[in-house]
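Asker: What follows is a structure written as structure tokens; I'll ask about it next.
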Amino acid sequence: MAEVDIRKLNVWFKDNHVLKDLTLTIEENAVTAIMGPSGCGKSTLLRAINRMNETIDGCRTTGEIYIDGQNIYNGNTDVYELRRRVGMVFQKPNPLPKSIFENVAFGVKIHKLADGKKLNEIVERSLKEAVLWDEVKDRLHESAFSLSGGQQQRLCIARALAVNPEIILLDEPCSALDPIATQKIETLMRKLAEKYTVIIVTHNVQQAARVSDYVAFLYLGKLIEYGPTKQVFESPKHELTERYITGEFG
Amino acid sequence: MMRSRSWEKVFFTILGAPAAICLTVFFWITSVLLTGIGTIRLNLLTTSALQGGLFEMIVGTAYLLLGAAGVAGPVGVFAAIHLTEYARHGRLIRVIDQAINNLAGMPSILIGLFGYAFFCRQLGLGISLASGWLTLALMMLPIVIRGTEEAIKMVPYNFKEAALALGASKWETVKSVTVPSAAPGIITSILLGMARVAGETAAILFTSCVLVTRGLPKSPFEPVMALAFNLFVKIVALGESPDKVFGIALILFLLVISFASVGIALRIYYRRKQPWLR
């Protein structure tokens with residue numbers, strides 16, 4: 001659990017100014033949805049929180065992001081440790097070309113958190129937490145690609161949970177999934193919020209309404225509105241938000 | 001419409017001709033060589049050259065190949081990893097790229113000459129197995145580097161992203177995700193490199209081979225016998241009639257074909273096993 005305090009965040013990709021002066025505080029122990037039309041910078045905002053933007057050439061970031069009071073953009077941040085604390089789940093399920101077990105164990109081994117019996121326990125706990133254990137417990141050593149799309153996505157969640165994160169970022173985690181798999185992930189997100197800070201990017205307004213406690217609406221790289229989900233959906237302060245929620249554009 | 005369709009057919013037929021020619025030539029060579037089967041008896045393979053057998057040539061060729069792969073494999077793979085994953089793209093990389101292309105197209109006699117001048121004379125390795133390894137490795141390198149680069153580029157970016165997002169460093173990602181995923185392609189490129197130099201004559205002509213040795217080389221610093229070299233010398237220098245050397249030619253042919261086939265078979269096998277490559 002950790003609070004994420006974003007101060008005057010700007011991100012450029014080469015000459016493209018993607019995020020403009022974003023300031024918001026993301027609450028711990030809750031699901032925060034970042035919504036907005038395609039290209040508004042939602043994913044960039046998410047990827048600023050675990051500094052994944054900088055794996056792309058030509059990215060430049062200014063401003064600060066404080067996690068538990070520590071600015072992750074100051075010079076002495078250990079970016080690998082940061083990414084352990086801030087887990088990420090991608091739009092398209094991306095299991096590694098390894099067994100189900102090895103996928104979950106991967107991060108644990110990288111960070112040398114455990115081995116042997118303790119590692120087995122962590123894998124089991126993480127898969128249970130991601131509500132996948134019962135479906136895979138008899139086939140842990142089969143390829144992760146033998147799972148269905150929805151199962152793969154829950155495997156990716158389990159993989160992120162295995163390294164003891166405090167924050168879970170989900171980048172449109174359901175956009176490649178069918179409605180039943182989507183529902184399972186949404187239920188899971190609600191459960192995860194009891195223990196973690198959950199931040200989800202979605203372009204699906206209904207999904208934001210269903211799963212989130214807080215919602216941020218981004219448009220053309222600017223934060224238009226941010227507040228408790230109920231309040232934003234029932235009485236949006238900004239006209240753009242209202243038009244987006246009612247499906248006038250998107 | 002009809003007209004352009006029929007033209008299309010004509011052009012495709014013309015384009016198919018080179019493929020047909022390749023096939024014809026290949027089967028012709030095969031059939032000619034297979035007529036040589038009669039001249040070899042199985043015990044030739046295990047009989048010493050001193051008694052007119054091929055034993056030292058076959059083992060010598062294997063020594064040369066394995067040693068060259070032992071040098072070019074690691075060097076080529078690390079070079080390719082550096083070029084694809086670490087190097088910043090700029091003028092230097094373009095120059096290196098072009099140098100690799102030039103090395104691939106370099107006539108093997110020139111590589112052999114360089115090997116003689118540098119490895120044999122300058123480094124003082126003399127006419128030896130070691131000089132042969134290094135010279136052949138020079139010829140294999142462009143194939144291994146290019147093949148490995150291709151294999152690494154085929155690894156989907158989202159594998160690397162997954163590892164990075166879990167807090168893996170770049171090297172950990174390369175070591176535990178990128179290279180294992182590219183391994184089949186890397187192994188294939190090493191095998192194809194070996195196939196390329198298996199029949200190589202010019203490069204070993206004056207760097208590592210002699211016509212007859214007393215038994216197998218006892219150290220990497222002794223000269224060695226090889227199939228291709230013997231074939232060449234027997235025909236050109238000793239003027240033996242071609243039917244006398246059919247056996248050597250056939251074994252050499254089978255050796256090259258089998259390296260290439262194993263390489264291709266592995267590639268097909270792993271394509272099936274690795275769904276993301278499809």
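Coordinate-derived values only; no laboratory data. Bear in mind that the values here come from a model prediction, so they are computed numbers and not experimental data. Ideal geometry is used to build each Cβ from the backbone, glycine not excepted, and the neighbour counts take in all protein chains shown.
Asker: So which lysines pass the test for residue B:244, namely a Cα distance under 21 Å, with those fewer than 8 places away in the same chain ruled out?
Answerer: Residue B:244 reaches B:234.
Asker: Further, regarding this structure: Mind putting a number on the dipole of chain A about its Cα centre? Charges go on the C-beta only, +1 for Lys and Arg and -1 for Asp and Glu, and I need it in Debye to the nearest 20.
Answerer: The dipole magnitude comes to about 440 debye.
Asker: Taking Cα centroids, how far is segment A:7-60 from segment A:152-205 in Å?
Answerer: Each part's Cα centre sits 18 Å from the other's.
Asker: Got a sec to turn the phi values of segment B:116-124 into Karplus ³J(HN,Hα) couplings, 6.51 cos²θ - 1.76 cosθ + 1.60 with θ = phi - 60°, whole Hz, x for Gly and Pro?
Answerer: 5, 5, 8, 6, 6, 8, 4, 7, x
Asker: Given Cβ point charges of +1 (Lys, Arg) and -1 (Asp, Glu) and nothing else, what value in debye, to the nearest 20, does the dipole of segment B:128-278 about its Cα centre take?
Answerer: 440
Asker: What's the Kirkwood radius of segment B:144-262 in Å, using all Cα pairs?
Answerer: Every distinct Cα pair counted, the radius reaches 17.5 Å.
Asker: With a 10 Å Cβ neighbour count serving as the proxy for reagent exposure, in which order, fewest first, do B:209, B:120 appear?
Answerer: Listing B:209, B:120 from fewest to most nearby Cβ atoms yields B:120, B:209.
Asker: If amide H atoms are built 1.01 Å from N in the plane of the peptide, which residues on other chains or at least 5 residues away come under 5 Å of the amide H of residue A:219?
Answerer: Under 5 Å from the amide H of residue A:219: A:224.
Asker: Please name whichever of B:133, A:38, A:79 sits farthest to the positive end of the charge dipole of the protein assembly as shown, dipole taken about the Cα centre and charges placed at Cβ: Lys and Arg +1, Asp and Glu -1.
Answerer: Result: B:133, furthest along the dipole toward the positive end.
Asker: Using Cα centres only, tell me the gap between segment B:200-244 and segment B:17-36 in whole Å.
Answerer: 26
Asker: Can you show me the helix-derived [θ] at 222 nm for the protein assembly as shown, built from DSSP H runs with n ≥ 4 at -39,500 (n - 2.57) apiece and divided by the number of residues, rounded to the nearest 500.
Answerer: Numbers: 21 runs with 275 residues, N = 528.
It lands at -16500 deg cm²/dmol.
Asker: Just how large is the dipole of chain B about the Cα centre, in debye to the nearest 20, putting +1 at every Lys and Arg Cβ and -1 at every Asp and Glu Cβ?
Answerer: With Lys and Arg at +1 and Asp and Glu at -1, about 700 debye.
Asker: Under 5 Å between amide hydrogens, which residues at least 5 positions from residue B:222 or on another chain qualify, with H placed 1.01 Å from N in the peptide plane?
Answerer: Result for residue B:222 returns B:129, B:130.
Asker: Averaged over every viewing direction, what's the projected area of the C-alpha convex hull for the protein assembly as shown? Give it in nm², one decimal, please.
Answerer: Here the figure is 35.1 nm², rounded to one decimal.
Asker: Can I ask one more? Residues with amide H under 5 Å of residue A:200's amide H, sequence separation 5 or more or different chain, H placed in the peptide plane at 1.01 Å from N; which?
Answerer: Here the answer is A:32, A:33, A:34, A:170, since their amide H atoms fall under 5 Å of that of residue A:200.
Asker: Right, here's the next one. Give the span of segment B:42-277's Cα atoms along each principal axis, as three whole-Å numbers ordered largest to smallest.
Answerer: 65, 41, 29
Asker: Per residue of segment A:187-198, in order, report the coupling 6.51 cos²θ - 1.76 cosθ + 1.60 (Karplus, θ = phi - 60°) as ³J(HN,Hα) in whole Hz, putting x for Gly and Pro.
Answerer: Per-residue couplings from phi come out as 4, 4, 4, 4, 5, 5, 5, 5, 10, 10, 8, 10 Hz.
Asker: If one puts a single equal scatterer on every Cα of segment A:102-240 and applies the Debye formula without solvent, what log₁₀ I(q)/I(0) results at q = 0.09, 0.17, 0.18, 0.21 Å⁻¹?
Answerer: Debye intensities relative to I(0), on a log10 scale: -0.33, -0.94, -1.02, -1.26.
Asker: Against the longest principal axis of chain A, how steep is helix A:100-110, in degrees 0 to 90 to the nearest 10, with axes from Cα atoms?
Answerer: Once rounded, the angle reads 70 degrees.
Asker: Take each complete run of DSSP H in chain B, measure how far its Cα atoms stretch along the helix's own axis, and keep only those covering 24 Å or more with mean Kyte-Doolittle hydropathy at least -1.0; list them.
Answerer: Result, helices passing both filters: B:2-34, B:55-81, B:129-154, B:179-198, B:246-273.
Asker: Of the options B:81, B:99, B:265, report the single residue whose Cα projects farthest towards the positive end of the charge dipole of segment B:42-277 (beta-carbon charges: Lys, Arg +1; Asp, Glu -1).
Answerer: B:81
Asker: Under a crude label model (7 Å from the Cα following the beta-carbon direction), how far is residue B:272 from residue B:99 in nanometres?
Answerer: 4.2
Asker: Over segment B:132-195, what portion of Cα pair distances is larger than 14 Å, expressed as a whole percent?
Answerer: More than 14 Å apart: 59 percent of the Cα pairs in segment B:132-195.
Asker: Starting from the Cα of residue B:218, draw a straight line to each of the aspartates and glutamates and keep only those under 14 Å, dropping any in the same chain fewer than 8 residues away.
Answerer: The reachable aspartates and glutamates, counting only those whose Cα sits under 14 Å from residue B:218, are B:56.
Asker: Run the quick spin-label model on residue A:164 and residue A:68: label points 7 Å from Cα toward the beta carbon, then report their separation in nm to one decimal.
Answerer: 1.0
Asker: Compute the angle between helix A:116-129 and the longest alpha-carbon principal axis of chain A, please, reported from 0 to 90 degrees and rounded to the nearest 10.
Answerer: Computed tilt is about 50 degrees.
Asker: Let me ask you something else. Please list, in order along segment A:229-241, the HN-Hα scalar couplings obtained from phi with the Karplus expression 6.51 cos²θ - 1.76 cosθ + 1.60 (θ = phi - 60°), rounded to whole Hz, x for Gly and Pro.
Answerer: Computed from phi, the couplings for segment A:229-241 are 3, 4, 5, 5, 6, 7, 9, x, 7, 10, 4, 4, 4 Hz.
Asker: Mind grabbing the base-10 log of I(q)/I(0) for segment B:223-265 at q = 0.19, 0.29 Å⁻¹? Debye formula, identical points on the C-alpha positions, no solvent, two decimal places.
Answerer: Scattering profile of segment B:223-265, log10 relative to I(0): -0.61, -0.96.
Asker: Then there's this: How much FRET efficiency would the formula 1/(1 + (r/R0)^6) give for residue A:248 and residue B:157, where r is the Cβ-Cβ distance and R0 is 35 Å, rounded to 0.05?
Answerer: Rounded to the nearest 0.05, the efficiency is 0.50.
Asker: List the equivalent ellipsoid semi-axes of segment B:1-143 in whole Å, largest first, each obtained as the square root of 5λ for an eigenvalue λ of the Cα gyration tensor.
Answerer: 37, 32, 13
Asker: Per the Kirkwood formula on distinct C-alpha pairs, the Rh of chain A is how many angstrom?
Answerer: Averaging 1/r across every pair of different Cα atoms and inverting gives 18.5 Å.
Asker: Here's something else I'd like to know. Run the simple label-point estimate for residue A:146 and residue A:17 please: 7 Å along Cα→C-beta, distance reported in nm.
Answerer: Here the answer is 5.3 nm between the modelled labels.
Asker: Follow-up. Students often forget the sequence filter, so: which lysines lie under 25 Å Cα-Cα from residue A:137 once same-chain residues fewer than 8 apart are removed?
Answerer: A:92, A:98, A:109, A:112, A:117, A:118, A:128, A:184, A:191, A:195, B:273
Asker: Please work out the FRET efficiency for the pair residue B:89 and residue B:210, using the Cβ-Cβ distance as r and a Förster radius of 51 Å; give the result to the nearest 0.05. Kindly include the intermediate steps, with their values, before the conclusion.
Answerer: Details: r = 46 Å, r/R0 = 0.90.
According to the calculation, E is roughly 0.65.
Asker: Using only alpha carbon pairs under 8 Å that are at least six residues apart, calculate the relative contact order of chain A and give it in whole percent.
Answerer: 29
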